[in-house]
Each structure stands twice: as structure tokens, then as C-alpha cells.
1. For region 1-61, place one equal point scatterer on every Cα, skip the solvent, and apply the Debye formula. What is log10 of I(q)/I(0) at q = 0.13, 0.16, 0.29, 0.30 Å⁻¹?
2. In percent, what relative contact order does region 1-70 have, based on Cα pairs under 8 Å that are 6 or more apart in sequence?
3. If you line up the long axis of helix 194-216 against the longest principal axis of the chain, both from Cα atoms, how many degrees apart are they, to the nearest 10?
4. Can you give the log10 of the normalised intensity I(q)/I(0) at q = 0.29, 0.30 Å⁻¹, computed with Debye over equal Cα scatterers of region 31-81?
5. Give me the orientation-averaged projected area of the Cα convex hull of region 115-186, in nm², one decimal.
6. Please give the contour-minus-distance gain from SER69 to SER181: 0.36 nm per residue of separation, less the Cα-Cα distance, rounded to one decimal in nm.
7. Taking the 0 to 90 degree range and rounding to the nearest ten, how far is the long axis of helix 90-99 tilted relative to the main principal axis of the chain, both from C-alpha atoms?
8. Taking 0.36 nm per residue of separation and subtracting the Cα-Cα distance, what length does fully extending PHE134 through ARG42 add?
Amino acid sequence: MPVGWGGASPDPTLYPRPPIIVDIDDTLHPWFTIFLELLEERTGKDIDPDAVKSYNLADVLGFSQEELSEVILETHYHENQGRSPIYSGARKALRKWHAAGYPILIATSRPPEAIDSTIKWLQPKNLPVSILTFVRDKTAYARQRGAVAIIDDRPDVLLSGPPEFVCGAIRQCWHQSLPESALTEENLVIADNWQELYRRLTPLIEQRSAAICAARNGKVDAFSGRREAA
């Protein structure tokens, strides 16, 4: 849905550069912290976050998918999200990319029931967001939008995105399960904070964006960067 928050245009096609797709949970704010707190309140069990080495939380934590789904939905209630601030540096990074001509599209895999509470929580954050969408397949959505980059914590996105897209993430405990081949991928950056993520991602985004813009003018192939024969 077009939103046009934080001074952004709701029409990403008006920007000179391709979109950057940005996730919400554990990308813009520490969702997993809220999740563990609520899960411990419900079950009375102490859970060591460092023991979570896979994104398959049902298997790792020993709960049914139904139990986890209830807690996950509860984390998206406005009063619970209010306990979780935006990551330091995230707002500044998105504003810098936006000012450089990249539209920011927020794409989350939150359940449909969380749409209203998500808008209520996210809109006042004053982030420069053109579009907010609820979608499971982030790579397909990025392809549909002609994006240059995806910023997301999910391992499936980080594995399927490069080299077609520049991908970035704020480091989470489940990233321990990523194969070595992913960790050495030049188009993937996993950083400890948003300041580092912005610094390391920006040159990659600029390089890929230049190739995409040149391809639009028929000069080079966007994926390989090779110049077409005259």
C-alpha cells in the first residue's frame, strides 16, 4: 500500500534510483527480544537466546507452531511494540539513502491480522517510506519492484537474494546457521549495527544501482555489468 511517510513520495517510480526493500522485525527493531519476553511470561521457562542457532523457532525452542503463532501475533500488538525502539542508526541510514534518490519500500511477512497495529506503530517513526507491503516472498517482491537491495534478517532471503540483489542484515543469533558460502558472498553484508551496515552496504548499492540505471538506458546488462556490443 502506498503510504508516503516521512517526506517520501508514495510513488517509487518518481525516484531516479531503484528501490531498497527493508524488513521490519529484527531489521528495524529488536523483535526477538519482545518475543522471548512474552514466551517466557507465558511458559515460565528461561530461554537462552544464544542457544537459538536456527530460524526454525518451533524446533529450536520445543514449542508447537500454534503456540508460537499466538505469541508472534501478540508481539505485534501496539502496546508490546511500544517497548521496542527503532535500532540506533536505522532512521539516519534510511534518510540518507532516500536523500540519495532511493525509494524505501517496507516489506514485512507479518500476518494480515497485524496490519493495523503495524501502521499505528510504524507511521510515527518518521521514516521515509514510500510503500508498506505484507509479503512472504521478499526476493520475488524485490524482483517485481526492480529493487537494488534487500535488508532482511531471514536466512532464506539472505541465501536467495545475492547475487541478483545486494543484501544486508543486522546480525542475529540464527545467522550462525548460514553456510560459509553465504558468509563470503560479496553482495551480502551482515553487520552488528546500522552504522556499520550503512557504511558497508552503500558502495555495493551504488555500484549495482549504476548498473541497473545503465541497463535501463540500454548500455549494460544489469546482472553481469557487461557492456552490450555496439
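1. -0.57, -0.69, -1.39, -1.41
2. Working: 21 pairs, mean separation 7.6, N = 70.
Reported as a whole number, the value is 11 percent.
3. So the helix axis and the longest Cα principal axis differ by about 40 degrees.
4. -1.35, -1.41
5. Details: hull surface 23.2 nm².
Its average projected convex-hull area is 5.8 nm².
6. Numbers: separation 112, 0.36 × 112 = 40.32 nm, distance 3.14 nm.
Separation in residues times 0.36 nm, less the Cα-Cα distance, equals 37.2 nm.
7. So the inclination is approximately 20 degrees.
8. Working: separation 92, 0.36 × 92 = 33.12 nm, distance 2.73 nm.
Going from the current span to full extension adds 30.4 nm.
Here, each number is a calculation from the coordinates, and none is a lab measurement. Given the structure is predicted, the values throughout are model-derived calculations rather than measurements. We place every Cβ from the backbone using ideal geometry, glycine too, and count neighbours over all the protein chains shown.
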